[in-house]
Amino acid sequence: MELVFATGNKGKLREAAEILAPGFTLLSPSDLGLSGDVEETGATMKENAAIKARHLWNQAHRNCFADDSGLEVDALDGAPGIYSARYAGEGKDFRKNILKVLENLEKASDKKGMRARFRCVIALIYEGREYFFDGTLEGKITMVPAGSGGFGYDPIFIPEGYDRTLAEISEDEKNSISHRYKALLQMRRELSRITGTEL
Ligand code: IMP
């Protein structure tokens with residue numbers, strides 16, 4: 001099955017293609033001569049994912065999906081959430097974003113066991129109908145960043161059942177437990193169900 005993934009991020013496209021192989025061929029907006037860029041004005045990850053998928057569907061009328069993801073820290077009432085990429089400003093600086101999370105956690109009165117999760121919401125538009133999938137990776141924040149792998153908040157996030165941060169485990173291992181992996185698997189399962197074929 002051919003699907004267009006509304007992302008300009010080559011790493012994400014490759015990761016999704018690996019997870020969805022062999023049943024899917026993924027295209028990017030640029031493969032169709034489109035930019036795919038649209039302002040993310042939603043109040044939730046679900047709304048932002050839907051905005052991106054609808055934008056692509058309206059331009060191309062091709063089966064497509066978009067994702068939105070972020071970190072939710074319980075002691076910060078779910079922040080940075082939809083603001084994960086720009087938490088410390090428009091520069092999207094991962095190091096500054098991490099520092100801001102740690103500073104705000106220092107100030108938080110109830111640290112709630114440092115519980116946090118990564119969440120990924122996928123909006124799929126298949127033959128004009130919308131479907132949503134939600135994948136989470138539960139864990140906790142460590143005040144001492146560790147590891148050089150991954151990206152974003154990986155150095156301060158320890159997944160449940162682990163004693164190392166996401167930046168300290170291999171890319172393959174991260175990709176087998178991640179919020180994106182879980183959401184993509186749900187999408188694959190649902191598409192198998194809808195089409196009545198094993199994808
Ligand atoms: P996006 O919606 O996938 O572009 O993710 C938005 C932001 O959430 C990223 O810029 C990161 O700050 C954060 N984020 C999402 N997924 C991850 C992850 O797997 N590790 C670390 N940070 C992530």
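The values are calculated or read from the model by the stated rules, or taken from the named source; none is laboratory data. Since this is a predicted model, take the numbers as computed values, not measurements. With ideal geometry, Cβ positions are generated from the backbone for all residues, glycine too; neighbour counts draw on all protein chains shown. To get the accessible areas, we keep the full protein, side chains included, count just its heavy atoms, and leave off ligands, DNA and RNA. Shrake-Rupley method; radii C 1.70, N 1.55, O 1.52, S 1.80 Å.
Every residue in the range 46-71 that is within 10 Å of the ligand (Cβ to nearest atom) and either in contact with a Cys (Cβ under 6 Å, 6 or more places away or on another chain) or within 21 Å of LYS112 (Cα to Cα) (or both), please. Outline the logic, then answer.
Going residue by residue through the range 46-71, those that are within 10 Å of the ligand (Cβ to nearest atom) are 48-49, 52, 66-71.
Once the filter is applied, which keeps residues that are within 10 Å of the ligand (Cβ to nearest atom) and either in contact with a Cys (Cβ under 6 Å, 6 or more places away or on another chain) or within 21 Å of LYS112 (Cα to Cα) (or both), the range 46-71 yields ASP67, SER69, GLY70, LEU71.
Going by what's in this entry, would GLU18 be described as assigned to a helix (DSSP H, G or I) and more than 12 Å from the ligand (Cβ to nearest atom)? Judged against the criteria, GLU18 is a match. If GLY42 meets every condition in (1) within 30 Å of LYS107 (Cα to Cα); (2) open to solvent by 30 Å² or more (accessible area, probe 1.4 Å); (3) in a loop (DSSP other than H, G, I, E, B) apart from one, which number is that one? Answer for GLY42: the failing condition is (2). Considering only residues that are open to solvent by 40 Å² or more (accessible area, probe 1.4 Å) and among the hydroxyl-bearing types (Ser, Thr, Tyr), look in the range 178-199 and name the one that is nearest to the ligand (Cβ to nearest atom). Only one residue tops the list, namely TYR181.
In this structure, does GLU47 turn out to be acidic (Asp, Glu) and modelled with pLDDT under 95?
Details: acidic (Asp, Glu): yes; modelled with pLDDT under 95: no.
Judged against the criteria, GLU47 is not a match.
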